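These notes are about the structure you will find just below.
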Amino acid sequence: MTKTLGDVREIDKDVELCRTTNERISNQAAQLLIENQIPFTRNWVKIPFFLREKYRGAKQIYIIRTNRNRYGQARRTIDQMEAPFRRRLVMSNY
């Protein structure tokens, strides 16, 4: 029998940190988070054919999510990226 401390509905609640259509920028952001020891997940979502014009022909969107308790630290870490790379990220406003 396992006992869970705290509210069960609050477990595993990650929030979106940022998204981009550029794989290289996504890799750089992930590497920066790893170097600062911030837990995150990175997934991609396929863009439907008819919506690709909106995303300038991109086939997928990379989404980086992090724990809601570490969001502020992750956001400050991403803000350390160089401006040309940071402009390619769409940051969330959690």
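The values are calculated or read from the model by the stated rules, or taken from the named source; none is laboratory data. None of the values given here were measured: they were computed from a predicted structure. Every residue, glycine as well, gets a Cβ built from its backbone with ideal geometry; the counts of neighbours run over all protein chains shown. Protein only, heavy atoms only, side chains kept; ligands, DNA and RNA dropped before computing areas. Shrake-Rupley method; radii C 1.70, N 1.55, O 1.52, S 1.80 Å.
Tell me the angle of helix 23-35 to the major Cα principal axis of the chain, expressed in degrees between 0 and 90 and rounded to the nearest ten. Its long axis makes an angle of about 30 degrees.
With the cut-off at 1.5 for a/c, could you classify the chain from its C-alpha gyration tensor as rounded, prolate or oblate? Numbers along the way, then the final one.
Details: a/c = 2.61, a/b = 1.50, b/c = 1.74.
In terms of gyration-tensor shape, oblate.
Descending by average beta-carbon neighbour count within 10 Å, the peptides 51-57, 19-25 line up as 19-25, 51-57, the highest first. Near GLN60, the amide H atoms lying under 5 Å from its own belong to ILE47; only residues 5 or more places off or on other chains count, and H is placed 1.01 Å from N.
Computed over protein heavy atoms with a 1.4 Å probe, the carbon and sulfur contribution to the accessible area of the chain reaches 49%.
Cβ under 14 Å from ARG76's Cβ, ARG76 left aside: what net charge do those residues give with Lys, Arg +1 and Asp, Glu -1? Show your work: numbers first, answer last.
Details: positive: ARG70, ARG75, ARG86; negative: GLU35, ASP79.
Taking every Cβ under 14 Å from that of ARG76, the sum is +1.
Our coupling estimate for segment 87-94, obtained by passing each phi through the Karplus curve with A = 6.51, B = -1.76, C = 1.60 and θ = phi - 60°, is 5, 7, 9, 9, 7, 8, 10, 5 Hz, Gly and Pro reported as x.
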